[in-house]
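Worksheet: one structure, shown below.
The values are calculated or read from the model by the stated rules, or taken from the named source; none is laboratory data. Model, not experiment: these values are computed from the prediction. FYI the Cβ positions are ideal-geometry reconstructions off the backbone, even for glycines, and counts take in every protein chain you see.
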Amino acid sequence: MAEIEFWSPLQQKSLSLPAGEQQKYLRLLDTARTSTSVADQSGHHVRVALLTGAGQTFTGGNYEYALSDSFVHAESSALNNVLTQFGRVQLEALAYDVPPPITPTTFCIPCGRCLDILSAYASPDLAIVVGDSRRVSLTYLKDYLFADFANVPLDRVSPRGQDEAVLALKRGIDAYLPETHKDQVYGVALVGKDQIWRGSLYTNASYDAVTPILSAIQTWRNTLPLEPYDYSHFHLTKAVVASFQRPHIFYRDRQALTDLDELIRLKFPSLGPLPVDMLQVDSKTLRPLQAWRTNAAEWLPFPYTPSSFGMHDTLHQLLTQLT
Ligand SMILES: [Zn+2]
(Lines give C-alpha, C1' and ligand atoms only; values in the text may rest on other atoms or scores of the structure.)
Protein backbone atom coordinates (compact mmCIF):
# COMPACT_ATOMS: atom_id res chain seq x y z
CA MET A 1 0.00 0.00 0.00
CA ALA A 2 1.28 3.49 -0.87
CA GLU A 3 2.44 5.69 1.98
CA ILE A 4 -0.35 7.87 3.31
CA GLU A 5 0.54 11.38 4.35
CA PHE A 6 -1.27 12.94 7.28
CA TRP A 7 -0.86 16.67 7.07
CA SER A 8 -1.62 19.76 9.17
CA PRO A 9 -2.83 22.71 7.07
CA LEU A 10 -2.28 24.98 10.08
CA GLN A 11 1.31 23.96 10.71
CA GLN A 12 1.91 23.26 7.00
CA LYS A 13 3.74 20.06 7.81
CA SER A 14 3.31 16.29 7.85
CA LEU A 15 2.01 14.72 11.04
CA SER A 16 3.07 11.44 12.53
CA LEU A 17 0.02 9.75 14.02
CA PRO A 18 -0.18 6.40 15.81
CA ALA A 19 -1.15 3.61 13.40
CA GLY A 20 -4.47 3.04 15.18
CA GLU A 21 -5.47 6.66 14.78
CA GLN A 22 -4.50 6.63 11.11
CA GLN A 23 -6.62 3.54 10.52
CA LYS A 24 -9.56 5.06 12.35
CA TYR A 25 -9.53 8.17 10.16
CA LEU A 26 -8.97 6.22 6.94
CA ARG A 27 -11.91 3.93 7.76
CA LEU A 28 -14.04 7.01 8.38
CA LEU A 29 -13.00 8.44 5.01
CA ASP A 30 -13.97 5.12 3.39
CA THR A 31 -17.38 5.44 5.03
CA ALA A 32 -17.75 9.05 3.81
CA ARG A 33 -17.11 7.81 0.28
CA THR A 34 -20.25 5.65 0.47
CA SER A 35 -22.53 8.62 1.16
CA THR A 36 -24.96 9.93 -1.44
CA SER A 37 -25.50 13.57 -2.42
CA VAL A 38 -27.64 15.69 -4.73
CA ALA A 39 -25.79 18.78 -5.93
CA ASP A 40 -28.21 20.23 -8.52
CA GLN A 41 -27.55 23.81 -7.47
CA SER A 42 -23.84 23.95 -6.66
CA GLY A 43 -22.45 21.07 -8.67
CA HIS A 44 -20.24 20.25 -5.65
CA HIS A 45 -20.87 16.87 -4.09
CA VAL A 46 -20.00 16.88 -0.39
CA ARG A 47 -19.82 13.46 1.24
CA VAL A 48 -19.01 13.14 4.90
CA ALA A 49 -19.06 10.69 7.80
CA LEU A 50 -19.33 11.38 11.52
CA LEU A 51 -17.75 9.14 14.14
CA THR A 52 -19.31 9.12 17.59
CA GLY A 53 -17.34 8.65 20.79
CA ALA A 54 -18.90 5.17 21.07
CA GLY A 55 -17.54 4.19 17.65
CA GLN A 56 -20.66 4.38 15.47
CA THR A 57 -20.38 6.04 12.06
CA PHE A 58 -23.04 8.00 10.19
CA THR A 59 -22.87 9.29 6.64
CA GLY A 60 -24.19 12.57 5.28
CA GLY A 61 -24.37 14.35 1.95
CA ASN A 62 -25.52 17.68 0.57
CA TYR A 63 -29.09 17.62 -0.73
CA GLU A 64 -30.06 20.62 -2.79
CA TYR A 65 -33.62 21.46 -3.79
CA ALA A 66 -33.95 24.95 -5.19
CA LEU A 67 -32.14 28.18 -5.95
CA SER A 68 -32.14 29.24 -2.32
CA ASP A 69 -30.60 28.19 0.97
CA SER A 70 -33.30 25.55 1.37
CA PHE A 71 -30.88 22.71 1.20
CA VAL A 72 -29.18 20.37 3.59
CA HIS A 73 -25.43 20.61 4.03
CA ALA A 74 -23.56 17.33 4.36
CA GLU A 75 -22.40 18.10 7.90
CA SER A 76 -25.93 18.69 9.20
CA SER A 77 -27.18 15.69 7.23
CA ALA A 78 -24.73 13.42 9.08
CA LEU A 79 -25.43 15.14 12.40
CA ASN A 80 -29.17 14.67 11.91
CA ASN A 81 -28.58 10.98 11.32
CA VAL A 82 -26.72 10.75 14.64
CA LEU A 83 -29.38 12.77 16.48
CA THR A 84 -32.22 10.72 15.00
CA GLN A 85 -30.78 7.52 16.38
CA PHE A 86 -28.95 8.52 19.55
CA GLY A 87 -29.77 12.14 20.41
CA ARG A 88 -26.92 14.23 21.74
CA VAL A 89 -23.81 12.08 22.06
CA GLN A 90 -20.11 12.77 22.04
CA LEU A 91 -18.76 13.26 18.52
CA GLU A 92 -15.17 12.33 17.81
CA ALA A 93 -14.41 13.00 14.15
CA LEU A 94 -15.91 14.31 10.93
CA ALA A 95 -14.43 13.10 7.63
CA TYR A 96 -14.85 14.64 4.17
CA ASP A 97 -14.21 12.50 1.15
CA VAL A 98 -12.47 14.64 -1.44
CA PRO A 99 -11.54 13.35 -4.89
CA PRO A 100 -7.75 13.32 -5.40
CA PRO A 101 -5.53 15.17 -5.82
CA ILE A 102 -5.90 17.26 -2.67
CA THR A 103 -4.86 20.82 -3.46
CA PRO A 104 -5.59 24.09 -1.68
CA THR A 105 -8.61 24.55 -3.96
CA THR A 106 -10.13 21.17 -3.16
CA PHE A 107 -9.48 21.52 0.54
CA CYS A 108 -12.91 21.08 2.07
CA ILE A 109 -13.89 22.99 5.19
CA PRO A 110 -17.14 23.59 7.08
CA CYS A 111 -18.99 26.72 5.93
CA GLY A 112 -20.11 29.34 8.44
CA ARG A 113 -23.54 27.81 8.85
CA CYS A 114 -22.05 24.38 9.54
CA LEU A 115 -19.61 25.88 12.06
CA ASP A 116 -22.63 27.32 13.91
CA ILE A 117 -24.34 23.92 13.87
CA LEU A 118 -21.26 21.85 14.74
CA SER A 119 -20.35 24.19 17.62
CA ALA A 120 -23.80 23.60 19.10
CA TYR A 121 -23.46 19.80 19.14
CA ALA A 122 -19.75 18.93 19.10
CA SER A 123 -16.85 19.78 21.37
CA PRO A 124 -14.07 22.03 20.03
CA ASP A 125 -11.90 18.90 19.96
CA LEU A 126 -13.91 17.31 17.14
CA ALA A 127 -11.32 16.08 14.62
CA ILE A 128 -11.91 17.21 11.04
CA VAL A 129 -10.38 14.87 8.52
CA VAL A 130 -10.27 15.74 4.82
CA GLY A 131 -8.74 13.67 2.10
CA ASP A 132 -8.47 10.55 0.06
CA SER A 133 -6.47 7.37 0.34
CA ARG A 134 -3.16 9.18 -0.25
CA ARG A 135 -3.19 12.49 1.59
CA VAL A 136 -5.28 13.40 4.59
CA SER A 137 -5.44 16.73 6.35
CA LEU A 138 -6.23 16.84 10.05
CA THR A 139 -7.62 19.84 11.91
CA TYR A 140 -9.96 20.29 14.87
CA LEU A 141 -13.19 22.24 15.16
CA LYS A 142 -11.45 24.68 17.55
CA ASP A 143 -9.04 25.64 14.73
CA TYR A 144 -11.99 27.16 12.83
CA LEU A 145 -13.36 29.16 15.75
CA PHE A 146 -12.17 32.45 17.22
CA ALA A 147 -13.41 34.17 20.36
CA ASP A 148 -10.30 35.72 21.89
CA PHE A 149 -11.26 39.28 21.00
CA ALA A 150 -9.18 42.16 22.33
CA ASN A 151 -10.87 44.70 24.59
CA VAL A 152 -10.87 48.32 23.41
CA PRO A 153 -11.81 51.47 25.33
CA LEU A 154 -15.41 52.51 24.70
CA ASP A 155 -14.33 55.91 23.37
CA ARG A 156 -12.54 54.20 20.47
CA VAL A 157 -15.85 52.94 19.02
CA SER A 158 -17.42 55.11 16.32
CA PRO A 159 -20.32 56.98 18.01
CA ARG A 160 -22.34 56.95 14.77
CA GLY A 161 -21.81 53.25 14.27
CA GLN A 162 -22.64 52.61 17.91
CA ASP A 163 -26.00 54.42 17.76
CA GLU A 164 -27.01 52.69 14.55
CA ALA A 165 -25.93 49.24 15.79
CA VAL A 166 -28.02 49.74 18.95
CA LEU A 167 -30.99 50.77 16.82
CA ALA A 168 -30.48 47.64 14.69
CA LEU A 169 -30.33 45.57 17.87
CA LYS A 170 -33.67 47.01 19.04
CA ARG A 171 -35.24 46.28 15.64
CA GLY A 172 -34.19 42.63 15.73
CA ILE A 173 -37.10 40.19 15.80
CA ASP A 174 -36.90 38.14 18.98
CA ALA A 175 -40.61 37.29 19.33
CA TYR A 176 -40.01 33.71 18.14
CA LEU A 177 -37.14 33.11 20.56
CA PRO A 178 -37.43 31.69 24.07
CA GLU A 179 -36.61 34.17 26.85
CA THR A 180 -33.35 32.32 27.51
CA HIS A 181 -32.08 33.12 24.00
CA LYS A 182 -33.27 36.68 23.54
CA ASP A 183 -30.06 38.24 24.84
CA GLN A 184 -28.13 36.51 22.03
CA VAL A 185 -29.68 38.82 19.46
CA TYR A 186 -27.34 41.45 18.02
CA GLY A 187 -27.59 44.35 15.63
CA VAL A 188 -25.05 45.56 13.09
CA ALA A 189 -24.06 48.82 11.43
CA LEU A 190 -21.82 48.88 8.38
CA VAL A 191 -20.17 52.28 8.55
CA GLY A 192 -19.20 53.95 5.28
CA LYS A 193 -17.63 57.32 4.62
CA ASP A 194 -20.98 59.09 4.32
CA GLN A 195 -23.59 56.43 4.95
CA ILE A 196 -24.47 53.68 7.40
CA TRP A 197 -26.30 50.45 6.60
CA ARG A 198 -28.07 48.71 9.46
CA GLY A 199 -28.77 45.02 9.76
CA SER A 200 -31.23 43.38 12.18
CA LEU A 201 -32.16 39.81 12.89
CA TYR A 202 -35.18 38.83 10.83
CA THR A 203 -37.17 35.69 11.47
CA ASN A 204 -40.74 34.68 10.78
CA ALA A 205 -43.16 32.03 11.97
CA SER A 206 -41.49 29.31 9.90
CA TYR A 207 -38.08 30.34 11.23
CA ASP A 208 -36.82 31.54 7.89
CA ALA A 209 -34.10 33.87 9.02
CA VAL A 210 -31.79 36.59 7.79
CA THR A 211 -29.01 37.14 10.28
CA PRO A 212 -27.94 40.73 11.08
CA ILE A 213 -24.76 41.00 9.02
CA LEU A 214 -26.40 39.31 6.01
CA SER A 215 -29.26 41.76 6.44
CA ALA A 216 -26.88 44.77 6.49
CA ILE A 217 -25.06 43.49 3.41
CA GLN A 218 -28.36 43.16 1.55
CA THR A 219 -29.22 46.75 2.46
CA TRP A 220 -25.77 47.83 1.29
CA ARG A 221 -26.21 45.98 -2.01
CA ASN A 222 -29.75 47.22 -2.53
CA THR A 223 -28.62 50.82 -2.19
CA LEU A 224 -25.69 50.59 -4.61
CA PRO A 225 -25.83 53.69 -6.79
CA LEU A 226 -26.56 53.67 -10.48
CA GLU A 227 -24.16 55.41 -12.89
CA PRO A 228 -22.09 57.48 -12.51
CA TYR A 229 -20.19 55.14 -10.26
CA ASP A 230 -17.73 56.80 -7.87
CA TYR A 231 -17.09 53.76 -5.62
CA SER A 232 -17.71 55.76 -2.44
CA HIS A 233 -20.20 53.03 -1.55
CA PHE A 234 -17.29 50.61 -1.34
CA HIS A 235 -15.41 52.63 1.28
CA LEU A 236 -16.58 50.86 4.39
CA THR A 237 -14.60 52.01 7.41
CA LYS A 238 -15.84 49.50 9.98
CA ALA A 239 -18.63 47.26 11.15
CA VAL A 240 -20.11 47.80 14.61
CA VAL A 241 -22.03 45.05 16.40
CA ALA A 242 -24.19 45.66 19.48
CA SER A 243 -25.70 43.10 21.83
CA PHE A 244 -27.03 42.93 25.38
CA GLN A 245 -24.25 40.48 26.20
CA ARG A 246 -20.76 39.93 24.85
CA PRO A 247 -21.74 39.52 21.18
CA HIS A 248 -21.86 35.94 19.95
CA ILE A 249 -21.63 36.49 16.24
CA PHE A 250 -22.81 33.64 14.06
CA TYR A 251 -20.12 32.13 11.86
CA ARG A 252 -22.49 32.38 8.90
CA ASP A 253 -22.50 36.16 9.50
CA ARG A 254 -18.73 36.30 9.88
CA GLN A 255 -18.42 34.45 6.59
CA ALA A 256 -20.79 36.92 4.89
CA LEU A 257 -18.75 39.94 6.00
CA THR A 258 -15.43 38.30 5.17
CA ASP A 259 -16.83 37.46 1.72
CA LEU A 260 -17.85 41.10 1.12
CA ASP A 261 -14.52 42.33 2.49
CA GLU A 262 -12.69 40.08 0.06
CA LEU A 263 -14.63 41.60 -2.81
CA ILE A 264 -13.96 45.18 -1.68
CA ARG A 265 -10.26 44.46 -1.22
CA LEU A 266 -10.12 42.99 -4.69
CA LYS A 267 -11.21 46.40 -5.96
CA PHE A 268 -9.03 48.31 -3.48
CA PRO A 269 -6.00 46.10 -2.77
CA SER A 270 -4.35 48.62 -0.42
CA LEU A 271 -7.13 48.20 2.17
CA GLY A 272 -6.59 45.99 5.21
CA PRO A 273 -9.26 43.69 6.67
CA LEU A 274 -12.40 45.60 7.70
CA PRO A 275 -12.27 46.43 11.45
CA VAL A 276 -15.18 45.12 13.51
CA ASP A 277 -16.10 46.70 16.86
CA MET A 278 -18.32 44.73 19.19
CA LEU A 279 -20.28 46.31 22.01
CA GLN A 280 -22.14 45.01 25.00
CA VAL A 281 -24.88 47.50 25.92
CA ASP A 282 -27.08 47.71 28.99
CA SER A 283 -30.50 46.23 28.22
CA LYS A 284 -32.36 49.04 30.02
CA THR A 285 -30.34 52.18 29.40
CA LEU A 286 -28.75 50.99 26.11
CA ARG A 287 -25.51 52.55 27.32
CA PRO A 288 -22.35 50.75 26.22
CA LEU A 289 -20.69 48.65 28.92
CA GLN A 290 -17.72 47.01 27.18
CA ALA A 291 -16.16 46.91 23.74
CA TRP A 292 -13.97 44.50 21.79
CA ARG A 293 -12.25 44.85 18.44
CA THR A 294 -11.53 42.32 15.73
CA ASN A 295 -11.57 42.34 11.95
CA ALA A 296 -12.95 40.45 8.97
CA ALA A 297 -9.81 38.29 8.72
CA GLU A 298 -9.08 37.50 12.37
CA TRP A 299 -12.57 36.32 13.32
CA LEU A 300 -12.73 33.56 10.70
CA PRO A 301 -9.48 31.56 10.81
CA PHE A 302 -10.40 29.42 7.79
CA PRO A 303 -12.35 31.79 5.53
CA TYR A 304 -15.03 30.09 3.45
CA THR A 305 -14.79 32.57 0.58
CA PRO A 306 -14.29 32.35 -3.20
CA SER A 307 -10.53 33.01 -3.08
CA SER A 308 -10.04 30.29 -0.43
CA PHE A 309 -11.25 27.80 -3.02
CA GLY A 310 -9.33 29.33 -5.92
CA MET A 311 -12.54 30.75 -7.45
CA HIS A 312 -10.84 33.89 -8.75
CA ASP A 313 -13.01 34.04 -11.89
CA THR A 314 -16.10 33.98 -9.69
CA LEU A 315 -14.73 36.85 -7.58
CA HIS A 316 -14.17 39.00 -10.67
CA GLN A 317 -17.64 38.07 -11.93
CA LEU A 318 -19.14 39.16 -8.60
CA LEU A 319 -17.28 42.45 -8.71
CA THR A 320 -18.47 43.10 -12.27
CA GLN A 321 -22.05 42.47 -11.23
CA LEU A 322 -21.73 44.98 -8.39
CA THR A 323 -20.32 47.70 -10.56
ZN1 LIG B 1 -22.10 23.97 5.32
- Out of (1) out of contact with any strand residue (DSSP E or B) (no Cβ under 6 Å at 6 or more places or on another chain); (2) farther than 22 Å from Ser307 by Cα, what's the single condition that is false for Asp143? (2)
- Note on the structure: So, first residue among the basic types (Lys, Arg) in the stretch 75-89, second residue within 13 Å of the ligand (Cβ to nearest atom), Cβ within less than 8 Å, six or more apart or across chains; the pairs are none
- Matching residues in the stretch 239-272 - criterion: being in contact with an Asp or Glu (Cβ under 8 Å, 6 or more places away or on another chain) and crowded, with 18+ Cβ neighbours inside 10 Å: Ala239, Val240, Val241, Ser243, Phe244, Phe250, Tyr251, Arg252
- Report yes if Asp97 is within 16 Å of the ligand (Cβ to nearest atom), crowded, with 16+ Cβ neighbours inside 10 Å, of a type in the set (Asp, Glu) and farther than 20 Å from Arg252 by Cβ, otherwise no. yes
- Message: Contact list please: Cβ distance under 6 Å, first residue in the stretch 114-130 and farther than 15 Å from Lys24 by Cβ, second residue assigned to a helix (DSSP H, G or I) and away from the ligand (no atom under 14 Å from the Cβ), pairs at least six apart or on different chains.
- Response: Pro124/Lys142
- Query: Regarding Phe250, is this residue away from the ligand (no atom under 16 Å from the Cβ), in the same structural domain as Trp197 (by TED's automatic domain parsing) and out of contact with any Pro (no Cβ under 7 Å at 6 or more places or on another chain)?
  - Reply: no
- crowded, with 20+ Cβ neighbours inside 10 Å and more than 21 Å from Leu274 (Cα to Cα) - does that describe any residue in the stretch 184-196? yes
- The listed residue being assigned by TED's automatic domain parsing to the domain that holds Gln317, in contact with a Lys or Arg (Cβ under 8 Å, 6 or more places away or on another chain) and free of Cβ contacts under 8 Å to residues at least 24 places away in the same chain, out of Leu271, Leu226: Leu271
- Looking only at the stretch 33-72, count how many residues are within 20 Å of Ser123 (Cβ to Cβ) and either within 16 Å of the ligand (Cβ to nearest atom) or in a helix (DSSP H, G or I) (or both). 4
- Message: Residue under question is Ser76, and the condition is that it be within 16 Å of the ligand (Cβ to nearest atom), under 25 Å from the mean Cα position of the chain (by Cα), under 18 Å from Cys114 (Cα atoms) and in a loop (DSSP other than H, G, I, E, B); does it hold?
- Response: no
- Query: Can you tell me which residues in the stretch 264-300 are of a type outside the set (A, V, I, L, M, F, W, C) and in contact with a strand residue (DSSP E or B) (Cβ under 7 Å, 6 or more places away or on another chain)?
  - Reply: Pro273, Pro275, Asp277, Gln280, Asp282, Arg287, Pro288, Gln290, Arg293, Thr294, Asn295
- Can you give me the number of residues within the stretch 264-310 that are within 16 Å of the ligand (Cβ to nearest atom) and either in a helix (DSSP H, G or I) or hydrophobic (A, V, I, L, M, F, W, C) (or both)? 5
- Message: Out of the residues in the stretch 284-304 meeting the condition of being modelled with pLDDT of 95 or more and hydroxyl-bearing (Ser, Thr, Tyr), tell me which one is farthest from the chain's Cα centre (by Cα).
- Response: Thr285
- Looking only at the stretch 228-249, and only at residues there that are modelled with pLDDT under 90 and assigned to a loop (DSSP other than H, G, I, E, B), the one that is nearest to Arg265 (Cα to Cα): Tyr231
- For the stretch 57-78, does any single residue satisfy the condition of being of a type in the set (Ser, Thr, Tyr), surrounded by fewer than 13 Cβ atoms within 10 Å (Cβ to Cβ) and within 15 Å of Cys108 (Cα to Cα)? no
